[in-house]
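Data first, discussion second: the structure below is written as structure tokens.
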Amino acid sequence: MFQRLLNPVDRNRKDTEPCEEVEDGQPHNPYTEILVLQYHNDIVRLLLQINDKRFVSAGDDNIAVIWDVQYGRHVATLIGHTLPITSLLLLPRVEENNDSCIVTGSSDKHIKIWSAETGECLTDLTEHESSIRCLLLINQEIFCAGGNSVSLWNRNGKLLDLIKNSAAEDIHLMITIKNDRLITAADRDLVVYKLNLDKMLPKLEKIDHIQSHFEAIQSLTPISSSCFATGSVDGMILLWTSSNLQQTKVLHEVPEDKSDVKRFSYNVQSLVCVQERYLFAAVGRGFYVFDIASDKGKLVIRKKTAHLSKITCLGFTCEGEILATCSEDRCMRLWGRKSSSDPWKADRAITTIERFTGMQSHELLNLAQNSVWEPSLLGECCAHGGPIQGFLDFEYESIVTCGSDNIVIIWKNSEMQKVRRNQAVQKLLLNADGIV
């Protein structure tokens with residue numbers, strides 16, 4: 001069992017609400033072995049999964065690194081950018097003789113396409129002509145880049161179209177919605193583009209500009225084919241219809257900050273939707289879950305103080321059994337339910353929300369009429385020396401995190417590692433000249 005390597009924040013400081021302590025020995029935490037990967041020399045902000053064996057990390061040192069997740073082995077370094085890498089994208093293989101590709105966007109105004117197998121730079125794209133803030137896969141053949149402009153590219157690196165951003169700030173978030181439309185977020189505004197994906201001449205066309213939030217939009221996520229959600233630094237979460245781009249629900253709002261200095265302690269840093277119904281929102285130091293299918297977007301799960309500092313990202317692991325939250329307090333925390341007293345009921349869990357809560361949707365909604373379900377703290381993973389910037393899930397195998405301390409950490413499932421070591425020993429014995 002690993003121990004806390006750093007204790008960066010005083011848990012008893014007076015300006016914070018009580019934060020739950022992890023159980024001694026962490027008996028419910030499966031991720032108790034770690035691999036610390038040291039190759040970067042500046043903040044590591046981005047992680048991208050290539051397949052079930054490899055991932056890539058990137059950040060402010062202008063490079064991206066391909067890693068093997070099982071052994072933490074360095075595979076390749078992607079060198080070529082002259083300023084921080086701000087976005088990563090995976091282009092899936094389209095033919096058996098083609099490799100998948102990694103796309104990197106940078107503040108140096110370059111977009112580079114790399115072989116995910118060898119790390120070789122295949123194409124250097126310079127026609128975007130401004131810093132790249134985000135990348136989005138449109139389909140297997142086309143991707144989009146956002147910043148001061150919106151540009152459309154094919155996987156061979158040909159520029160298909162480019163439109164200057166009409167908003168004052170750079171585009172930093174993008175999603176696609178039904179009817180071939182692109183939603184972009186720049187500061188507090190949403191700008192909508194029509195995607196004409198005709199094979200002969202794909203084009204972009206601006207069709208709407210919506211002033212939506214009072215403060216900058218920090219999160220943008222699709223929920224279903226009929227709606228999407230936005231979250232801003234002031235804590236506001238809005239639900240939008242995809243058909244007519246109308247605001248339908250205000251899921252979360254906080255009291256107005258009347259102080260001279262805006263602290264934005266309720267910043268909506270991350271939004272994740274599961275089952276096209278449950279919206280998980282990282283708000284300040286806690287997280288909230290809303291049932292979008294209910295009339296008013298009912299709050300059904302809440303952990304108001306999950307960390308000592310703001311949550312930077314969240315996501316599920318162990319096929320939905322555990323929610324992982326990463327924070328500026330340098331820790332990743334694991335949430336869920338402890339072993340069920342009804343094994344038969346646990347075995348029947350099919351959906352993510354059932355595995356996470358142990359309840360079916362109607363049971364969770366009925367409970368929310370009187371109280372809000374709170375998950376249990378299952379474990380705490382603390383080895384970073386700075387705020388955690390990114391999170392990547394490899395299901396039961398491992399979790400990967402990156403941080404402001406320039407390192408990448410692979411948190412290993414100890415039970416899985418025991419099985420693998422036993423298998424390796426058995427293989428050695430069977431191959432040792434007939435000795436069994």
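Nothing in this text is a laboratory measurement; each read-out follows from the coordinates by a stated rule. Predicted model, so just to flag it, every value in this text is computed and none were measured. Backbone-built Cβ (ideal geometry, glycine too); neighbour counts: all protein chains shown.
Between Ser166 and Arg420, the modelled label-to-label distance comes to 5.1 nm, taking each label 7 Å out from Cα in the direction of the beta carbon. Springs between Cα atoms under 10 Å define the GNM used for the chain, and in it the highest mean-square fluctuation of Lys298, Lys199, Lys164 occurs at Lys199. Here's the list of lysines a cross-link from Lys338 could span, going by alpha-carbon distance under 28 Å and ignoring same-chain residues fewer than 8 apart: Lys298, Lys303, Lys304, Lys310, Lys412, Lys418. Remark: the range 283-294, residue by residue, has Karplus-estimated 3J(HN,Hα) of 10, x, 9, x, 9, 9, 10, 10, 8, 5, 6, 6 Hz, where x stands for each Gly or Pro and the curve is 6.51 cos²θ - 1.76 cosθ + 1.60 at θ = phi - 60°. With the gyration tensor restricted to C-alpha atoms of the chain, the semi-axes of the equivalent ellipsoid amount to 34, 31, 22 Å, longest first.
Under a Gaussian network description of the chain, with springs only between Cα atoms under 10 Å, the residue in Val233, Val75, Val425 that fluctuates furthest is Val425. Partners of Lys164 within straight-line reach, counting lysines whose Cα lies under 30 Å from its Cα and excluding those fewer than 8 residues away in the same chain: Lys109, Lys112, Lys178, Lys194, Lys199, Lys203, Lys206. Ordering Leu239, Phe143, Gly284 by the projection of their Cα atoms onto the charge dipole of the range 131-285, which places +1 on the Cβ of Lys and Arg and -1 on the Cβ of Asp and Glu, puts Phe143 at the extreme positive end. Sort by residue number and name the cysteines in the chain that have no neighbouring cysteine Cβ under 4.7 Å. Within the chain, the cysteines lacking a partner Cβ under 4.7 Å are Cys19, Cys101, Cys121, Cys134, Cys144, Cys227, Cys273, Cys313, Cys318, Cys326, Cys381, Cys402. 3J(HN,Hα) along the range 227-232, derived from phi through the Karplus expression 6.51 cos²θ - 1.76 cosθ + 1.60 where θ = phi - 60°, amounts to 7, 8, 10, 10, x, 10 Hz, with x in place of Gly and Pro.
Only Lys, Arg, Asp and Glu count, each charged at its Cβ (+1, +1, -1, -1), so figure out the dipole size of the chain about its Cα centre, rounded to 20 debye. Could you put the intermediate results ahead of the total?
Details: 46 positive and 57 negative charges, 90 e Å.
The dipole of the chain has a size of about 440 debye.
Going 7 Å from the Cα of Asn98 in the Cα-to-Cβ direction, what parts of the range 112-141 have a backbone nitrogen less than 20 Å from that spot? Those under the cut-off are 112-126, 135-141. Connecting C-alpha atoms closer than 10 Å in a GNM of the chain, tell me which of Val103, Val400, Val36 has the biggest fluctuation. Maximum fluctuation in the GNM of the chain, among the listed residues, is at Val36.
Give, rounded to the nearest 20 debye, the magnitude of the charge dipole that the range 356-436 has about its Cα centre when Lys and Arg contribute +1 at Cβ and Asp and Glu contribute -1 at Cβ. Please list the in-between numbers first.
Numbers: 5 positive and 9 negative charges, 74 e Å.
Taking the Cα centre of the range 356-436 as origin, the dipole is about 360 debye.
For Asn62, the residues whose modelled amide H falls within less than 5 Å of its own, excluding neighbours fewer than 5 places apart on the same chain, are Ile85. Modelled this way, with points 7 Å down the Cα-to-C-beta line, the labels at Lys199 and Asn139 are 0.9 nm from one another. Residues whose amide H falls under 5 Å from that of Ile34, counting only those 5 or more places apart or on a different chain, are Lys412, with hydrogens built in the peptide plane. Applied to the range 145-157, the Karplus parametrisation 6.51 cos²θ - 1.76 cosθ + 1.60 on θ = phi - 60° returns per-residue 3J(HN,Hα) values of 10, x, x, 6, 9, 10, 10, 10, 9, 9, 5, 8, x Hz, with x for Gly and Pro. Extension gain for Thr351-Ile79 works out to 93.8 nm (0.36 nm per residue, less the C-alpha to C-alpha distance).
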